[in-house]
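Colleague: Below you will find the structure I want to go over with you.
The values are calculated or read from the model by the stated rules, or taken from the named source; none is laboratory data. Keep in mind that what you see is a predicted model, and the values were worked out from it rather than measured. When we count neighbours, we look across all protein chains shown, and the Cβ atoms used for this are built from the backbone with ideal geometry, even at glycine. Just the protein is used for accessible areas: all its heavy atoms, side chains included, with ligands, DNA and RNA removed. Shrake-Rupley method; radii C 1.70, N 1.55, O 1.52, S 1.80 Å.
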Amino acid sequence: MKPLYDLAVIGAGPAGVAGALTASFAGLDVVLIDAAPRPGGQYFRHLPQGFNAQAPGALHHGLDGFTRQWETLRARADVLLGHKVWAVERAEGTVTVRCLEGDREERPRTVTARGLLIATGAHDRPLPFPGWDLPGVLTAGGAQALLKGNLVVAGRKVVVAGTGPFLLPVAAGLAEAGADVRGVYEANGRLGLARHPLLAAGKAGEALGYGASLARHRVPYRGRHAVIAAHGEGALTHVTVARLDSAWRPVSTRTVECDTLAYGYGFVPQLELPVQLGCATRADADGSPVVTVDGGLRTSVPGVYAAGESTGVGGAVLAEVEGRIAGRSAAADLGRRVPPLPRLSRRRDRLAAFAKALLEAYPVRPGWQGWLRDDTLVCRCEEVPLSAVREAQDLGAIDARSVKLLARPGMGWCQGRMCGYAVACLAGEDPAAPRRPIAQPIRLGDLAAPTRSPLEG
Amino acid sequence: MPDVVVIGAGVVGAACAYYAARAGLDVVVVDRGPVAGGTTGAGEGNVLVSDKEPGPELDLALLSNGLWRELAELDGFEFEAKGGLVVAETGEVLEALTGLAGKQGVEHTVVPSGGLGDYEPHLAGGFAGGVFYPQDAQVQPMLAAATLIRRGADRFGRGTLMLRTGVTVAGFLRDGDRIGGVTTDHGDILAGAVVNAAGTWGGEVAAMAGVHVPVLPRRGFILVTEPFDEPLIRHKVYTAAYVTNVASDSEGLETSAVVEGTPSGPVLIGASRERVGFDRTVSVPVLERLARQAVELFPALADRRAIRAYCGFRPYCPDHLPVIGEDPRAPGLHHACGHEGAGIGLAPATGHLIAQTLAGHRPDLDLTPFRPDRFEERR
Ligand SMILES: Cc1cc2nc3c(=O)[nH]c(=O)nc-3n(C[C@H](O)[C@H](O)[C@H](O)COP(=O)(O)OP(=O)(O)OC[C@H]3O[C@@H](n4cnc5c(N)ncnc54)[C@H](O)[C@@H]3O)c2cc1C
Ligand SMILES: Cc1cc2nc3c(=O)[nH]c(=O)nc-3n(C[C@H](O)[C@H](O)[C@H](O)COP(=O)(O)OP(=O)(O)OC[C@H]3O[C@@H](n4cnc5c(N)ncnc54)[C@H](O)[C@@H]3O)c2cc1C
């Protein structure tokens, strides 16, 4: 451990690992920090053992590549897994990263560096609907985590719903792991597997792999359909599936039996750390705030870089490319000789254009608001029903923040990560970049004590 | 044409509008944002009499305290008359504290060291004693502001009250020398009088009318814990250092934690005071100090998690008193701003006194100490 690193990288997903490794090869002293006990981020961390062997070529290849990078990085740089970052500060050219090490009995730790690469990825974006709080209803990311324990999945009757290309890998993974997948319901138009956008970006292997997998397991994949309600006494027993019009208003409904629903309506980039530092943000193609970066992945704050989903949701390959560019910029800005690599930037531009097209192909349409009933919880932490949101608006709340102040959605444990997007939609605005001076819950005793650096043990 | 336009839908503007409508006036409240989106949405909700030196602000606080109790009947927001416990670290401080309590003439009980546990079973040992103030209370300020505007609109047949959110005031209309309304980004609003309840931005609004009212921001951070199942803390609890901090003139950081539980479960720990302009960048040292002071008061808090923090900008004037009353330099313009860290507590009295002046009645309190042109001589 060093008292002052050249570069601290937060996030051990494809972006962070590629960024850390690139910077290290360019001669920087690097430390990589991730909250999770295992590397890999959203995608590679959750792949189940059994799935790897059968994974379609492209994916398998990706995992191999990631694993190689990880092994190399571990030999060259310091790696702090199981370290949650709760705050970052920057003063006089030095970045201070404040972490909590461990799970329950956390210990405060401080890391300092001259530069910072933020590669904190994105989290699931659920939408509320009647019954979404029933046990058995999972987010897409939650389903990936569930897959790790193969045993639990086998024999389950699963419905996959939401929007976006990530429904397919989730469904395929569940089917391969032995679940009885009753259907995949895509709320936007089903483009047809042959015309699936993943094909367009040379991801044929991936898309075909998933398609073949779904076909082999006879899983129906329907466009313009959504799960608009979940039912059951104490646990999920069935869902209401609706055919939707183009604005996502239900046209007709039927019931599908299942004990598990995995669903998601895209992803929300994790921005609390860049916002703490005052990095500029912009609205992405789907209205989500993302970090503003230049061609070298530099944020508006000197010495601070961002890569991967925090600059826009775009998949693992784009995340890795961005990580590499950011690592190079960080090294160049600290005076290392880094020869230009225009090929890499062109690759990023292509992948980013594709990501934008995907976001545009899978928007969230306002009709979902009509699926809610007055008593549907919008915020589960604080148990705020739709009616309370409407009352707040009636009292003069005209934006998400004032709805929160008057009705409390987003004030609880998850700090609006689950409901923030929905509340912004209900308030009729694009979600704002989250202001969370405390990015992770911290014990007051730890906050009160002077923090130690990993150096001091 | 309304009788009054109130600029600002914070708790102070809401109270002005409520009492003006009750006095029979037709009122329009405009805010560039939502209701309670300014400093009112970043405050803590203490309604305190305990922390004020004898003088005009204490008089205002006592009047307000009684009015809050009436307003609580309106229903729609939490009001808890829980009382405040001020604790002293040393015998010397306790003496000063008891002395202050005597001068204040406010209802209070001196609590000896051994009696503190009866008030707060989880309080740390070692305090020399304290003073309990039963009148100290807690209000949920955002819902209170929204409710005052709502009920003001419901209740009083003749005096109507209308809220217009998302409307920014850009200047004033004049009727000769008199202020006769406002210009906004949504058109002009003619009115018999205008109330400047723009809080921390009150100085900017005053400047639009060509008058100098120095209102500046004093930043404060608040820490919020995870919700507790069992209430750990019964009253508002703070150390005597708070009283000196509030009145301080220092630029630098000052913290003296006021700790309390809330009906929704979390414990609130507030608040710091520093003058750094409108800077929202997180300051970890400030959060650390608040946490340390809270844990010093209640050691059991050490194991509880802070889940969020927020900051706001108190509107303060150089002499730490609010500006209340009609501006002789711009007749028709009434100011109700600059309440610093006590605007929530002082809102009802402010609204009540402004309504009295608007209606041409003699105000219940002498407004001389709060007059808007008091800063002229010092310029
Ligand atoms: C269900 C699902 C299926 C997917 N399928 C595909 C697919 O088929 N093809 C594809 O290309 N992409 C897929 N993706 C997307 C892919 O996961 C992401 O594009 C990729 O992981 C982004 O990489 P990243 O490095 O930006 O972030 P991530 O991989 O999300 O990594 C971010 C890391 O930062 C860490 N972190 C965040 N905040 C903190 C903090 N405060 N302190 C410490 N650590 C922190 C997290 O623990 C995480 O490990 C899928 C995603 C999901 C959820
Ligand atoms: C951390 C912290 C803790 C606090 N704790 C307490 C406490 O415990 N007890 C207490 O009594 N006080 C407390 N305060 C102070 C209290 O919050 C303020 O004194 C009070 O909220 C001021 O209310 P206001 O209505 O004057 O201002 P605001 O609530 O700021 O309202 C002013 C409104 O004017 C609007 N506005 C401004 N300019 C224009 C324009 N040109 N056109 C249209 N609208 C405009 C703004 O949008 C805003 O909504 C605290 C403050 C802070 C920061």
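Colleague: Could you tell me which of the residues A:Ala422, A:Ala433, A:Ala439 is more than 8 Å from every other protein chain (Cβ to nearest Cβ), small (Gly, Ala, Ser) and in a helix (DSSP H, G or I)?
Modeller: A:Ala422
Colleague: Within region A:389-409, restricting attention to residues that are among the small types (Gly, Ala, Ser) and touching a strand residue (DSSP E or B) at 6+ places or on another chain (Cβ under 6 Å), which residue is surrounded by the fewest Cβ atoms within 10 Å (Cβ to Cβ)?
Modeller: If we take residues in region A:389-409 being among the small types (Gly, Ala, Ser) and touching a strand residue (DSSP E or B) at 6+ places or on another chain (Cβ under 6 Å), then A:Gly396 is surrounded by the fewest Cβ atoms within 10 Å (Cβ to Cβ).
Colleague: How many residues are under 20 Å from B:Ala347 (Cα atoms) and assigned to a helix (DSSP H, G or I) if we restrict to region B:112-153?
Modeller: Going through region B:112-153 one residue at a time, the tally reaches 13.
One line per residue, one yes/no per condition, for (1) at pLDDT 95 or above; (2) in the same structural domain as B:Ala20 (by the TED database); (3) of a type in the set (Lys, Arg); (4) surrounded by 24 or more Cβ atoms within 10 Å (Cβ to Cβ):
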site: B:Leu346; (1), (2), (3), (4): yes, yes, no, yes
site: B:Gly351; (1), (2), (3), (4): yes, yes, no, yes
site: B:Ile354; (1), (2), (3), (4): yes, yes, no, yes
site: B:Thr357; (1), (2), (3), (4): yes, yes, no, no
site: B:Glu376; (1), (2), (3), (4): no, no, no, no
site: B:Arg379; (1), (2), (3), (4): no, no, yes, no
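Colleague: Could you please find all residues in region A:222-263 being closer than 16 Å to A:Val181 by Cα and among the basic types (Lys, Arg)?
Modeller: Of everything in region A:222-263, just one residue is closer than 16 Å to A:Val181 by Cα and among the basic types (Lys, Arg), namely A:Arg222.
Conditions tested, residue by residue: (1) without any contact (Cβ under 8 Å) to a residue 24 or more places away in the chain; (2) more than 30 Å from A:Asp103 (Cα to Cα).
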| site | (1), (2) |
| --- | --- |
| B:Leu268 | no, no |
| B:Phe278 | no, yes |
| B:Val284 | yes, no |
| B:Pro299 | no, no |
| B:Pro315 | no, yes |
| B:Ala336 | no, yes |
| B:Gly343 | no, yes |
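Colleague: Across region A:250-280, what is the total count of residues that are more than 14 Å from chain B (Cβ to nearest Cβ) and either of a type in the set (Gly, Ala, Ser) or buried (at least 16 other Cβ atoms within 10 Å of the Cβ) (or both)?
Modeller: 16
Colleague: Residues B:Val28, B:Val49, B:Val11, B:Val87: which one is under 22 Å from B:Leu333 (Cβ atoms) and in contact with a Gly (Cβ under 9 Å, 6 or more places away or on another chain)?
Modeller: The unique qualifying residue is B:Val11.
Colleague: Which condition does A:Arg254 not pass, out of (1) in the same structural domain as A:Ala171 (by TED's automatic domain parsing); (2) at pLDDT below 95, if it passes all the others?
Modeller: (2)
Colleague: Which one of these is on the phi < 0 side of the Ramachandran plot, touching a Phe, Trp or Tyr at 6+ places or on another chain (Cβ under 8 Å) and in contact (Cβ under 8 Å) with a residue 12 or more places away in the chain: B:Asp26, B:Asp51, B:Asp59, B:Asp31?
Modeller: Only one candidate qualifies: B:Asp51.
Colleague: In this structure, does A:Gly141 turn out to be crowded, with 21+ Cβ neighbours inside 10 Å and either modelled with pLDDT of 95 or more or farther than 23 Å from A:Gly312 by Cα (or both)?
Modeller: No: the conditions fail for A:Gly141.
Colleague: Any chance region B:156-170 includes a residue that's over 21 Å from B:Ala14 (Cα atoms) and more than 14 Å from chain A (Cβ to nearest Cβ)?
Modeller: No, because not a single residue in region B:156-170 is over 21 Å from B:Ala14 (Cα atoms) and more than 14 Å from chain A (Cβ to nearest Cβ).
Colleague: Output the residue which, of all residues in region B:107-143 that are of a type in the set (A, V, I, L, M) and within 16 Å of ligand 2 (Cβ to nearest atom), is most open to solvent (accessible area, probe 1.4 Å).
Modeller: In this case the residue turns out to be B:Leu143.
Colleague: Hey, does region B:76-93 have a residue that's in a helix (DSSP H, G or I), more than 10 Å from ligand 2 (Cβ to nearest atom), surrounded by fewer than 23 Cβ atoms within 10 Å (Cβ to Cβ) and aliphatic (A, V, I, L, M)?
Modeller: Yes: region B:76-93 contains one or more residues that are in a helix (DSSP H, G or I), more than 10 Å from ligand 2 (Cβ to nearest atom), surrounded by fewer than 23 Cβ atoms within 10 Å (Cβ to Cβ) and aliphatic (A, V, I, L, M).
Colleague: Before we move on, is A:Phe25 assigned by TED's automatic domain parsing to the domain that holds A:Arg324, away from ligand 1 (no atom under 15 Å from the Cβ) and either modelled with pLDDT of 95 or more or of a type in the set (A, V, I, L, M, F, W, C) (or both)?
Modeller: yes
Colleague: Next up: Within the set of pairs 6+ apart or on separate chains, which have a first residue in region B:133-148 that is within 14 Å of chain A (Cβ to nearest Cβ) and over 22 Å from B:Tyr238 (Cβ atoms), a second that is surrounded by fewer than 24 Cβ atoms within 10 Å (Cβ to Cβ) and of a type in the set (Asp, Glu), and C-beta atoms under 8 Å apart?
Modeller: If the second residue must be surrounded by fewer than 24 Cβ atoms within 10 Å (Cβ to Cβ) and of a type in the set (Asp, Glu), the pairs left are B:Leu143/B:Glu78; B:Thr147/B:Asp75.
Colleague: Moving to a separate point now. Is region A:368-388 home to any residue that is touching a Leu at 6+ places or on another chain (Cβ under 8 Å), open to solvent by less than 40 Å² (accessible area, probe 1.4 Å), within 28 Å of A:Ala439 (Cβ to Cβ) and assigned to a helix (DSSP H, G or I)?
Modeller: Scanning region A:368-388 turns up no residue that is touching a Leu at 6+ places or on another chain (Cβ under 8 Å), open to solvent by less than 40 Å² (accessible area, probe 1.4 Å), within 28 Å of A:Ala439 (Cβ to Cβ) and assigned to a helix (DSSP H, G or I).
Colleague: Let me ask you something else. Filter region B:9-52 for residues that are open to solvent by less than 10 Å² (accessible area, probe 1.4 Å) and within 6 Å of ligand 2 (Cβ to nearest atom); which is modelled with the lowest pLDDT?
Modeller: B:Gly45
Colleague: Same structure, new question: Scanning for something free of Cβ contacts under 8 Å to residues at least 40 places away in the same chain, touching a helix residue (DSSP H, G or I) at 6+ places or on another chain (Cβ under 7 Å) and open to solvent by 60 Å² or more (accessible area, probe 1.4 Å), does region A:327-348 turn up at least one residue?
Modeller: Within region A:327-348, one or more residues are free of Cβ contacts under 8 Å to residues at least 40 places away in the same chain, touching a helix residue (DSSP H, G or I) at 6+ places or on another chain (Cβ under 7 Å) and open to solvent by 60 Å² or more (accessible area, probe 1.4 Å).
Colleague: May I pose another question? Go through region B:297-311 and give me each residue that's open to solvent by 10 Å² or more (accessible area, probe 1.4 Å) and more than 8 Å from chain A (Cβ to nearest Cβ).
Modeller: Hits for region B:297-311 are B:Pro299, B:Ala300.
Colleague: Please enumerate the residues belonging to region A:239-282 that are aliphatic (A, V, I, L, M), in a strand (DSSP E or B) and more than 22 Å from A:Phe166 (Cα to Cα).
Modeller: The answer is A:Val251, and nothing else.
Colleague: Kindly provide the set of residues from region A:226-238 that are assigned to a strand (DSSP E or B) and in contact (Cβ under 8 Å) with a residue 60 or more places away in the chain, ordered by number.
Modeller: A:Ala226, A:Val227, A:Ile228, A:Ala229, A:Ala230, A:His231 - these are the residues of region A:226-238 that are assigned to a strand (DSSP E or B) and in contact (Cβ under 8 Å) with a residue 60 or more places away in the chain.
Colleague: On the given criteria, is B:Gly66 crowded, with 18+ Cβ neighbours inside 10 Å, away from chain A (no Cβ under 14 Å) and away from ligand 1 (no atom under 16 Å from the Cβ)?
Modeller: Considered against the rule, which asks whether it is crowded, with 18+ Cβ neighbours inside 10 Å, away from chain A (no Cβ under 14 Å) and away from ligand 1 (no atom under 16 Å from the Cβ), B:Gly66 comes out as no.
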